[in-house]
Amino acid sequence: MKIKYQFFPIVMFAILSVGACNKRIYENKGKQPFEIIAYYSGDGKDLDKYRFDQLTQVIYSFCHLKGNKLAVDNSDDSLAIRNLVALKKQFPTLKVLLSLGGWCGCEHCSTVFSSAGGRAEFSESVLALMKTYQTDGLDLDWEYPAISGCPD
């Protein structure tokens, strides 16, 4: 029996509720400031509820594979990504990344990444999406690279 996991936008900001995560406070005695990274999986309509001024990166989760290509699933996902990227006008140091994977979201990754052609097609599609949405990178959340699919 496979279990489907629902991700909630609020989960990404649970760490911020501690209150001591402000990157300006914790500059680690002259070293680089801590990176504060959050996942976002909402529809992008509730972004004003969150403290993006306390983040260095936000990762949109999740995109999926369509064949060998990274794909944005639907218009709601597309709008959410565009809304996240729009936040960069207000928070210019914020990085927005796309994500593939998750607990059971990379079932076909082993197949795609096992051939040079699959890897090339995948990387080209990542670059195309990054250009389309003006994102800053990819989070490959590949939980089980040694096995195909999610363990039961």
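The values are calculated or read from the model by the stated rules, or taken from the named source; none is laboratory data. The model shown is predicted, which means the values in this text are computed figures rather than measured ones. We place every Cβ from the backbone using ideal geometry, glycine too, and count neighbours over all the protein chains shown. Ligands, DNA and RNA are stripped out before the accessible areas are found, and what is left, the full protein with its side chains, is counted by its heavy atoms. Shrake-Rupley method; radii C 1.70, N 1.55, O 1.52, S 1.80 Å.
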Extension reserve of the Ile37-His108 stretch, reckoned as 0.36 nm per residue once the Cα distance is removed: 23.0 nm
For region 57-129: span of alpha carbons on each principal axis (Å, largest first): 41, 21, 21
Rounded accessible area of Phe113 (nearest 10 Å², 1.4 Å probe): 30
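Which peptide among 36-42, 140-146 comes first, and what is the full order, when sorted by highest mean count of other Cβ atoms within 10 Å?
Details: 36-42: 19.6, 140-146: 13.9.
Answer by packing, highest mean first, reads 36-42, 140-146.
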Across Lys45/Lys95; Lys66/Lys131; Lys49/Lys88; Lys69/Lys89; Lys89/Lys131; Lys45/Lys66, pairs whose alpha-carbon gap is larger than 22 Å: Lys69/Lys89; Lys45/Lys66
Simple label model, 7 Å out from Cα along Cβ direction - Asp73 to Cys150, nm: 1.1
